[in-house]
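Worksheet: the structure to be examined is printed underneath.
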Amino acid sequence: MLRILTPGDIRMAPGISTEAGSILAALGASKPLVVVDPVVHKLGLAGPALDGLAAAGLSAAIFSAFSPNPTDTEALAAVEMARAAGADCVLGIGGGSAMDVAKVVALLSRHPGSLRDYSVPRIVDLPALPVLCIPTTAGTGSEVTRAAVITDAATHEKLLVLGSALLPAVALLDVELTLSCPYRVTVDSGLDALSHALEALVNRNASPYSDGLATQAMRLIGGSLERAARDPGNLAARSDMLFGASLAGMAVSHTSTALIHGMSRPIGAAFHVPHGMSNAMLMPLVTEWSAEAAPEAYARAARAMGLADSPEALVAALKGLNSRLEVPDLRSLGIAAETFRAAIPEMARQSVASGTPANNLRVADEGEVAELYHRFLDESMSA
Ligand SMILES: [Fe+2]
């Protein structure tokens, strides 16, 4: 079944975040809980949205006490705050962590229990408070997806919460908020967005709907990522990145991710490598391995990115991007070969158990995933 779930209202314009207040008021809300990333808050990037809330006569409670990998305990503290304040909507401002916290708070404010009660395999199609998301990075696409990832504080496991309850009602794409995004965050989140577009295109769940979104996302991101990284104030490049990341998010929200994300998450969990960075590190190798079984699909992806129409050109371009954007390898991250090698069996198990490798056009079993981790290690150490 193809089921299309996207926010009903997506607006993009420089400075649009000031309209958060009037938009929430028009939805009939009057008491927002604002979930804002602590760094974003410190930098004043929530200022225009907060001014807009005040101008619309809305009294906001502000929650910022969460970590870069937010936990269920932190989310529950936000739920407490939302209940105490009588919040009737949630505004998320920041990267994926802030928006994901906002989304689960909207769910748990209306339903009892712990976050684990709502995580996959359950699909959460329940009424939740309306959510308005304002991304400050071009990457995760959480502002347009029906997913949130929150860490279980007790077990350190990443809980995936999925369903229409997690879908924001409104997304505001305000390029001005992304201009001060630092180089490394721009690159890591941008390469995460590129991996969303690529994995949506070469995916067993792809449809004409996701293909259209992912193709345009590949074009926009492929054409602007390096410019946005090197020339941070470049409004056109930042706009293309922001829109491209949202389109990629919409695409991958409808296909799910595939082998790159499937192998990347265990590396992130075991070695604390940022999500976009570990995706980027794996992207050329996984693409090369997968393209053998589906050359035409990868040729289409190469064309979408504005390259010659061959999988080889795509792999070369991904390697070139990583090298020019200084994506590290395992050695430069200080990860010892022996430590990584010892972690491979468990990472391969986790990867296949996540289910995402099964969405890949060439499906890897646990042994093949382990072999790919070994190849990745060898390439990384010999580079
Ligand atoms: Fe991702």
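Here, each number is a calculation from the coordinates, and none is a lab measurement. Note that the structure is a prediction, hence the values are computed from the model and not measured. A quick note on method: Cβ atoms are made from the backbone with ideal geometry, for glycine too, and the neighbour counts reach across all protein chains shown.
Could you please state, rounded to a whole Å, how far the C-alpha centre of the range 62-81 is from the C-alpha centre of the range 327-365?
The two parts, judged by their Cα centres, are 29 Å apart.
What is the helix-to-structure angle for 72-85, meaning the angle in degrees between its Cα long axis and the longest Cα principal axis of the chain, kept from 0 to 90 and rounded to the nearest 10?
The helix 72-85 is inclined about 20 degrees to the chain.
I'd like the FRET efficiency for residue 379 and residue 342, computed as 1/(1 + (r/R0)^6) with the beta carbon distance as r and R0 of 22 Å, rounded to 0.05.
Taking R0 as 22 Å, the efficiency between residue 379 and residue 342 is 0.75.
In whole Hz and in residue order, list the ³J(HN,Hα) couplings for the range 167-175 that follow from phi through the Karplus curve 6.51 cos²θ - 1.76 cosθ + 1.60, θ = phi - 60°; x for Gly and Pro.
Residue by residue, the range 167-175 yields 7, x, 6, 9, 10, 10, 9, 10, 4 Hz.
For the residues 178, 136, 356, what sequence is obtained by ranking on other C-beta atoms within 10 Å, fewest first?
Ranking 178, 136, 356 by Cβ neighbours within 10 Å, fewest first, gives 356, 178, 136.
Report, to the nearest 10°, how far helix 208-230 tilts away from the longest principal axis of the Cα atoms in the chain, using its own Cα long axis and a range of 0 to 90°.
Once rounded, the angle reads 90 degrees.
Between 0 and 90 degrees, rounded to the nearest ten: what's the tilt of helix 295-304 against the longest Cα principal axis of the chain?
50 degrees
Along the range 146-155, what does the Karplus equation 6.51 cos²θ - 1.76 cosθ + 1.60 (θ = phi - 60°) give for ³J(HN,Hα), rounded to whole Hz, x for Gly and Pro?
9, 9, 9, 10, 10, 7, 6, 4, 6, 9
Would you work out the charge dipole size for the range 183-382 about its Cα centre, treating the Cβ of every Lys and Arg as +1 and the Cβ of every Asp and Glu as -1, and quote it to the nearest 20 debye?
480 debye
Say the dipole of the chain comes from +1 at the beta carbon of Lys and Arg and -1 at that of Asp and Glu; which of 4, 283, 50 then lies farthest toward its positive end?
50
Once the dipole of the chain is set up with Lys and Arg at +1 and Asp and Glu at -1 on Cβ about the Cα centre, which of 351, 274, 36 lies farthest towards its positive end?
Projecting each Cα onto the dipole axis, the largest value belongs to 36.
Just to be sure I understand: if I project the alpha-carbon convex hull of the chain onto a plane and average over all orientations, what area do I get in nm²?
17.1 nm²
Quick check for me: using +1 on Lys/Arg Cβ and -1 on Asp/Glu Cβ, what's the dipole size of the range 9-178 about its Cα centre, in debye to the nearest 20?
That gives the range 9-178 a dipole magnitude of about 200 debye.
On the principal axes of its Cα set, how long, how wide and how thick is the range 9-178? Give whole Å, largest value first.
40, 29, 26
Taking the Cα centre as origin and putting +1 on Lys and Arg beta-carbons and -1 on Asp and Glu beta-carbons, what dipole magnitude results for the chain, to the nearest 20 debye?
Result for the chain is approximately 460 debye, rounded to the nearest 20.
Please give the direction-averaged projected area of the C-alpha convex hull for the range 183-382, in square nanometres with one decimal.
9.8 nm²
What fraction, in whole percent, of alpha-carbon pairs in the range 124-193 exceed 16 Å separation?
58 percent
Please give every one of the lysines within straight-line cross-link reach of residue 103, meaning a C-alpha to C-alpha distance under 30 Å, and leave out same-chain neighbours fewer than 8 residues apart.
31, 42, 158
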